[in-house]
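Colleague: For reference, the structure I am asking about is given below.
The values are calculated or read from the model by the stated rules, or taken from the named source; none is laboratory data. All values reported here derive from a predicted model rather than from experimental measurement. A quick note on method: Cβ atoms are made from the backbone with ideal geometry, for glycine too, and the neighbour counts reach across all protein chains shown. Side chains included, ligands, DNA and RNA excluded: accessible areas come from the protein's heavy atoms. Shrake-Rupley method; radii C 1.70, N 1.55, O 1.52, S 1.80 Å.
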Amino acid sequence: MSAFTSFRPQSLTFLRGLRKHNEKPWFEAHRPAYEQEVLRPLKLLAEELDVRFATVAPEFVAPPKRALFRIHRDVRFSKDKSPYKTHAALWVFHRDAGRGVGRDAHGGAGFYFHLEPGASLVAAGFWMPPRPLLNVLRERIVEEQKAFERILKAPTFVKRFGGLSDDEPGVRLTRVPRGWVPDHPAGHWLRFNSFTASRPLTDAEVVSPKLVETLMKDYAALLPLVRWLNGALGFPSATSR
């Protein structure tokens, strides 16, 4: 593999086409464009991020074979039987926690890149942790509330991301969860079921040769949150690989 340079506009063109024609015959007819314009540069980007994190936060890795999300959707339990995702994405994860993401996965906090025409984004954190890990995080927030709030109130973090993401259904409860008093001092944070922060990326940003620098600048601002979450779960920081 050669080094990552950028995504070309054709990557967004392919994904726009897939959004209109989400069916196997169209995808197979355009598979060369997918492999050349989406899959190949995404693998190269993962490889580049893996190298960058080796010096910035060595506990995080992005081996291309494991960092990339599959383009195929899991339609077994979905009314929507569209076979393909209309975006591409990768995940930089803690080497000890593993790649798992979401309610049924016992992974850890990490860094995310999402490529989608008009809806690309950079993000990090722990999305919808399974209940046992969520309980651990809530306990640690109560124990270290001030430290947790310092991270979320850091000027760079606030300027770039605003705060924890809460725009998805189920991400934040309407009241403090059972087992905690309604007026608990950490009640605002205890209501979160997910601990992520993100910001949108324009189409111009994702096809820019400066994409890697943009991502690493964002990831650096997100690193304290990610490391705090992983530390609470027993996944330590590292100084080398």
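Colleague: Quickly run through segment 110-144 and pick out the residues that are open to solvent by 40 Å² or more (accessible area, probe 1.4 Å), under 30 Å from Gly179 (Cα atoms) and outside any loop (DSSP other than H, G, I, E, B).
Modeller: Arg131, Pro132, Asn135, Val136, Glu139, Arg140, Val142, Glu143
Colleague: Considering each residue of segment 224-241, count those that are in a helix (DSSP H, G or I) and not small (Gly, Ala, Ser), and give that number.
Modeller: Residues flagged as in a helix (DSSP H, G or I) and not small (Gly, Ala, Ser) within segment 224-241 amount to 7.
Colleague: So how many residues does segment 167-223 have that are in contact (Cβ under 8 Å) with a residue 40 or more places away in the chain and acidic (Asp, Glu)?
Modeller: 3
Colleague: Still on this structure, please answer the following. Looking at Lys146, Lys217, which is the one that is over 19 Å from the mean Cα position of the chain (by Cα) and basic (Lys, Arg)?
Modeller: Among Lys146, Lys217, only Lys146 is over 19 Å from the mean Cα position of the chain (by Cα) and basic (Lys, Arg).
Colleague: Which of (1) of a type in the set (Phe, Trp, Tyr); (2) under 28 Å from Leu223 (Cα atoms); (3) open to solvent by 20 Å² or more (accessible area, probe 1.4 Å); (4) not in a strand (DSSP E or B) does Phe53 not meet, given it meets every other one?
Modeller: Result: Phe53 fails condition (3) only.
Colleague: Then there's this: Just a yes or no: is a residue in segment 147-160 part of a loop (DSSP other than H, G, I, E, B) and surrounded by fewer than 13 Cβ atoms within 10 Å (Cβ to Cβ)?
Modeller: Yes, segment 147-160 contains at least one residue that is part of a loop (DSSP other than H, G, I, E, B) and surrounded by fewer than 13 Cβ atoms within 10 Å (Cβ to Cβ).
Colleague: Of the conditions (1) basic (Lys, Arg); (2) in contact with a Phe, Trp or Tyr (Cβ under 9 Å, 6 or more places away or on another chain); (3) under 19 Å from Ala232 (Cβ atoms), Arg73 clears all except one; give me its number.
Modeller: Only one criterion in (1) basic (Lys, Arg); (2) in contact with a Phe, Trp or Tyr (Cβ under 9 Å, 6 or more places away or on another chain); (3) under 19 Å from Ala232 (Cβ atoms) is unmet by Arg73, namely (3).
Colleague: Could I ask something else about it? Looking only at segment 75-101, count how many residues are farther than 16 Å from Val226 by Cα, free of Cβ contacts under 8 Å to residues at least 60 places away in the same chain and part of a loop (DSSP other than H, G, I, E, B).
Modeller: Summing the residues that are farther than 16 Å from Val226 by Cα, free of Cβ contacts under 8 Å to residues at least 60 places away in the same chain and part of a loop (DSSP other than H, G, I, E, B) in segment 75-101 gives 8.
Colleague: Return the pairs, sorted by first residue and then second, in which the second residue is modelled with pLDDT under 95 and open to solvent by 60 Å² or more (accessible area, probe 1.4 Å), the first residue lies in segment 56-69 and is farther than 19 Å from Gly231 by Cα, the beta carbons are less than 6 Å apart, and the residues are 6+ apart or on different chains.
Modeller: Arg66/Arg99
Colleague: Testing Glu35 on (1) free of Cβ contacts under 8 Å to residues at least 40 places away in the same chain; (2) under 18 Å from the mean Cα position of the chain (by Cα); (3) within 13 Å of Ala88 (Cβ to Cβ), one condition comes back false. Which one is that?
Modeller: All conditions pass for Glu35, except number (2).
Colleague: Considering only residues that are farther than 20 Å from Ala46 by Cβ and either more than 13 Å from the chain's Cα centre (by Cα) or open to solvent by 70 Å² or more (accessible area, probe 1.4 Å) (or both), which ones fall in segment 196-214?
Modeller: Listed by number, the residues that qualify are Pro200, Thr202, Asp203, Ala204.
Colleague: Right, something else. Kindly indicate whether any position in segment 173-186 is within 21 Å of the chain's Cα centre (by Cα) and open to solvent by less than 20 Å² (accessible area, probe 1.4 Å).
Modeller: Within segment 173-186, none of the residues are within 21 Å of the chain's Cα centre (by Cα) and open to solvent by less than 20 Å² (accessible area, probe 1.4 Å).
Colleague: Test Thr214 against the criterion of being assigned to a loop (DSSP other than H, G, I, E, B) and among the β-branched types (Val, Ile, Thr), and give yes or no.
Modeller: Considered against the rule, which asks whether it is assigned to a loop (DSSP other than H, G, I, E, B) and among the β-branched types (Val, Ile, Thr), Thr214 comes out as no.
Colleague: Still on this structure, I have one more. If you scan segment 161-172, which residues turn out to be crowded, with 16+ Cβ neighbours inside 10 Å, of a type outside the set (Ser, Thr, Tyr) and under 14 Å from Arg191 (Cβ atoms)?
Modeller: Passing the criteria: Leu164, Val171, Arg172.
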